[in-house]
Amino acid sequence: MSWFLIAPILVPMTTAALAVLLWNQRPAQRAVSACGAGLHLITTILLMVQVWRGGILAGQMGDWPAPFGITLVADHLSAVMVLITGVMGFGVCLYSLSDMNENRENNGFHPLYHVLLTGVTGAFITGDLFNLYVWFEVMLIASFALLALGSEKEQLDGAIKYAAINLVSTVMFLIAIGTLYGLTGTLNMADLALRLPHVEQRGLVTTIAVLFMIAFGIKSAVFPLFFWLPASYHTPAVAVSAIFAGLLTKVGVYALVRTFTLIFTSDVAYTHGALLVVAGLTMVTGVLGAAAQNEIRRILSFHIISQIGYMIMGLALYTPLGLIGAVFYLVHHIIVKTNLFLVAGIIRRLTGSMELKRIGGLYKASPLLVVLFLIPALSLSGIPPLSGFWAKLVLIRASLEIGSYAIAATAVLVGALTLFSMTKIWGEAFWKPHPEGPARTLGIGDLTATERALLIGPIMVFAALTIAIGLWAQPFLDLATRASGELLERTPYIDAVMGVRP
Amino acid sequence: MTESLILRTATRLLLSLMLLFSIFILLRGHNEPGGGFIGGLIAASAFALHSIAFGPAAARQLMVIDPKALAAAGVLCAVAAGLPAALFGDAFMRAQWLHWGEGEATFHVGTPLLFDIGVFLVVIGAVLTIVLALEEEDV
């Protein structure tokens with residue numbers, strides 16, 4: 001049933017095209033955008049249900065058999081990533097309806113947003129390295145434009161850094177793909193997994209693996225390749241930085257997980273050893289960077305980096321439990337991080353700034369926001385019983401199991417430092433009075449009813465998801481266990497792709 | 001925009017020829033060199049030439065439809081080309097064909113043509129969005 005696979009890509013693509021056709025009709029464009037995001041969510045749920053019931057789903061577009069045609073594959077990891085893209089895409093789309101100003105909407109926010117969703121979804125579902133490259137490009141072009149949308153000075157500065165470093169990564173990716181194709185004659189990931197063990201030049205394979213590691217490392221902002229992220233993520237509109245924070249770096253992590261479980265597993269001691277060191281350093285530098293910042297979105301941007309470290313750690317441990325942790329962490333992190341950025345947007349709306357020095361008084365003015373901030377913030381730092389606790393617990397247990405005590409200690413320490421950053425936001429934005437007097441801080445009651453529904457609604461749903469994952473962790477762990485099993489087993493994936501013949 | 005009599009006279013003659021040629025290239029594309037992409041480039045360069053000779057405003061007026069909308073319509077065409085396969089239980093993008101006539105005179109029309117038209121429109125739309133934006137910045 002390949003239609004379940006293509007639908008989550010076609011819906012945002014069609015929505016983007018329709019939104020372009022409605023270029024100067026703002027109300028119609030907004031309606032199409034919201035409906036498109038809702039429909040996208042439905043298709044992603046259908047895909048998840050299919051994969052949950054029937055296992056790995058593979059489809060050959062145009063019925064050209066693998067490895068010659070365009071292959072789409074959804075195993076449990078892909079399906080859950082697509083599902084979470086659908087959930088975030090819909091929630092942030094609703095939020096953006098109230099958050100975007102007219103200028104940004106008139107300059108094409110909605111079409112670009114759906115092109116971005118197309119790229120992200122495509123990257124998760126594709127079964128071919130070159131198509132992965134194409135989806136990365138679709139995603140990047142949309143993200144360049146979204147980042148610069150509004151053309152404020154600060155934004156253009158961030159966008160240039162973002163574009164420059166991402167182009168370097170793209171070139172690396174392309175060189176690696178070219179070399180790999182020269183070596184094996186195929187780019188279908190399942191076919192590569194079959195052929196790569198028979199390649200004689202083992203050294204070259206490891207070199208290509210490291211090239212991929214660097215290319216995806218830049219995209220996922222790991223140490224020491226993360227500088228573009230804190231330079232750009234605090235500049236665009238809130239809805240844009242929220243969807244970036246949730247999804248973009250995670251596509252890089254997903255690509256690392258996919259390639260380093262399916263394709264490059266011949267020299268695990270070297271490649272995954274390097275990844276483990278990178279993971280530890282990423283966690284530490286991210287969290288230390290955050291401690292030095294005084295602007296909410298900058299703090300959160302640095303935390304993205306430290307959290308990426310945890311996911312890479314799960315991959316680098318390369319045990320069943322480690323990968324369960326990585327998958328669980330990916331899902332938990334996307335929800336929590338997007339939510340924190342959305343809350344940061346509300347904070348700016350109520351107090352007029354995101355600079356910690358210039359705001360305050362939220363605890364008294366809007367108690368509801370207190371709860372909505374605390375849930376993702378505490379989950380991010382791993383306080384039970386929220387989702388982050390289980391994610392960290394699984395990863396730390398996985399590292400203790402194989403005796404990597406250093407990385408376990410780092411993970412615990414970084415969790416504590418994360419809590420420190422969150423207390424800083426708490427103390428400055430919520431606890432202390434507003435420097436310009438208490439009247440400067442608005443409450444949630446001061447927003448109009450539509451604003452409340454569109455801005456607070458998605459935040460509440462994401463917070464509820466965080467709590468649900470925390471309290472009913474078992475079904476999510478089951479899902480992560482299945483995903484991890486498929487990643488390590490490899491043969492079901494390869495059979496699903498190569499076995500399908502028209 | 002250049003006030004050149006030679007360029008303007010030549011453009012009037014070339015424009016229709018280039019557009020005709022672009023459609024010829026689009027249609028011969030299925031089994032021979034050509035197709036939507038290259039055809040679209042030829043059509044786009046016809047309009048680009050017109051905007052160099054007579055200015056971007058004249059080119060927009062000549063095109064009637066906004067290039068961005070043209071590109072979007074192209075994407076929709078290309079997506080639509082993949083959908084008929086669903087009616088026959090095939091995978092997305094599986095080509096579906098209609099045949100008329102017999103023997104040597106058989107005439108084949110299929111979804112790949114619709115896909116090529118989609119590509120044709122996307123290329124014209126995307127290239128001209130960029131070209132016209134650059135031209136308009138000049139003025």
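The values are calculated or read from the model by the stated rules, or taken from the named source; none is laboratory data. It should be emphasised that the depicted structure is a prediction, and the values quoted were computed from it without experimental measurement. In this analysis, Cβ positions are derived from the backbone assuming ideal geometry, glycine residues included, and neighbour counts consider all displayed protein chains.
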Legend entry - Only one of B:LEU41, B:LEU19 that is more than 14 Å from chain A (Cβ to nearest Cβ), of a type in the set (A, V, I, L, M, F, W, C) and within 30 Å of A:THR71 (Cα to Cα): B:LEU41
Legend entry - Matching residues in region B:70-93 - criterion: being assigned to a loop (DSSP other than H, G, I, E, B), closer than 24 Å to A:THR118 by Cα and without any contact (Cβ under 8 Å) to a residue 12 or more places away in the chain: B:ASP90, B:ALA91, B:PHE92
Legend entry - Selection within region A:382-399 - of a type in the set (Gly, Ala, Ser), within 17 Å of A:ALA468 (Cα to Cα) and in a helix (DSSP H, G or I): A:SER387, A:GLY388, A:ALA391
Inset, instruction - Return the residue satisfying two criteria in turn: it lies in region A:48-63 and is assigned to a loop (DSSP other than H, G, I, E, B) and touching a residue at least 12 places away in the same chain (Cβ under 8 Å), and of such residues it is surrounded by the fewest Cβ atoms within 10 Å (Cβ to Cβ). - result: A:GLY55
Inset, instruction - Please indicate, with yes or no, whether at least one residue in region B:95-109 is out of contact with any strand residue (DSSP E or B) (no Cβ under 8 Å at 6 or more places or on another chain), over 20 Å from A:LEU18 (Cα atoms) and crowded, with 17+ Cβ neighbours inside 10 Å. - result: no
Legend entry - region A:10-39 - residue that is at the interface with another protein chain (Cβ under 7 Å from one of its Cβ atoms) and over 21 Å from A:THR85 (Cα atoms) and, of those, surrounded by the most Cβ atoms within 10 Å (Cβ to Cβ): A:VAL20
Legend entry - Answer from B:LEU113, B:LEU121 - the residue that is among the hydrophobic types (A, V, I, L, M, F, W, C) and more than 14 Å from chain A (Cβ to nearest Cβ): B:LEU113
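To keep it simple, each residue is scored yes or no on (1) modelled with pLDDT of 90 or more; (2) surrounded by fewer than 24 Cβ atoms within 10 Å (Cβ to Cβ); (3) more than 21 Å from A:PHE4 (Cβ to Cβ).
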| residue | (1), (2), (3) |
| --- | --- |
| A:CYS93 | yes, no, yes |
| A:ASP99 | no, yes, yes |
| A:GLU102 | no, yes, yes |
| A:PHE109 | yes, no, yes |
| A:LEU116 | yes, no, yes |
| A:GLY122 | yes, no, no |
Inset, instruction - Determine whether region A:174-192 contains at least one residue that is outside any helix (DSSP H, G or I), without any contact (Cβ under 8 Å) to a residue 24 or more places away in the chain and not aromatic (Phe, Trp, Tyr). - result: yes
Inset, instruction - Go through region B:97-139 residue by residue and tally those that are among the aromatic types (Phe, Trp, Tyr) and touching a Leu at 6+ places or on another chain (Cβ under 7 Å). - result: 1
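Can you tell me which residue among B:LEU27, B:LEU83, B:LEU98 is more than 14 Å from chain A (Cβ to nearest Cβ) and at pLDDT 85 or above?
B:LEU27
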Inset, instruction - With the checklist (1) within 30 Å of A:GLY59 (Cβ to Cβ); (2) away from chain A (no Cβ under 14 Å) in hand, flag the one item B:PHE88 doesn't pass. - result: (2)
Inset, instruction - Any residue in region A:457-470 that's under 9 Å from A:SER379 (Cβ atoms): show its pairings with residues that are surrounded by fewer than 16 Cβ atoms within 10 Å (Cβ to Cβ) and not aromatic (Phe, Trp, Tyr) at Cβ separation under 6 Å, as long as the two are six or more apart or on different chains. - result: A:GLY470/A:PRO385
Inset, instruction - Please state which of the following conditions A:THR441 fails to meet, knowing it meets all the rest: (1) in contact with a helix residue (DSSP H, G or I) (Cβ under 9 Å, 6 or more places away or on another chain); (2) of a type outside the set (A, V, I, L, M); (3) more than 14 Å from A:LEU369 (Cα to Cα). - result: (3)
Inset, instruction - Name every residue in region A:45-99 that is more than 26 Å from B:MET93 (Cβ to Cβ) and within 14 Å of another protein chain (Cβ to nearest Cβ), in order of residue number. - result: none
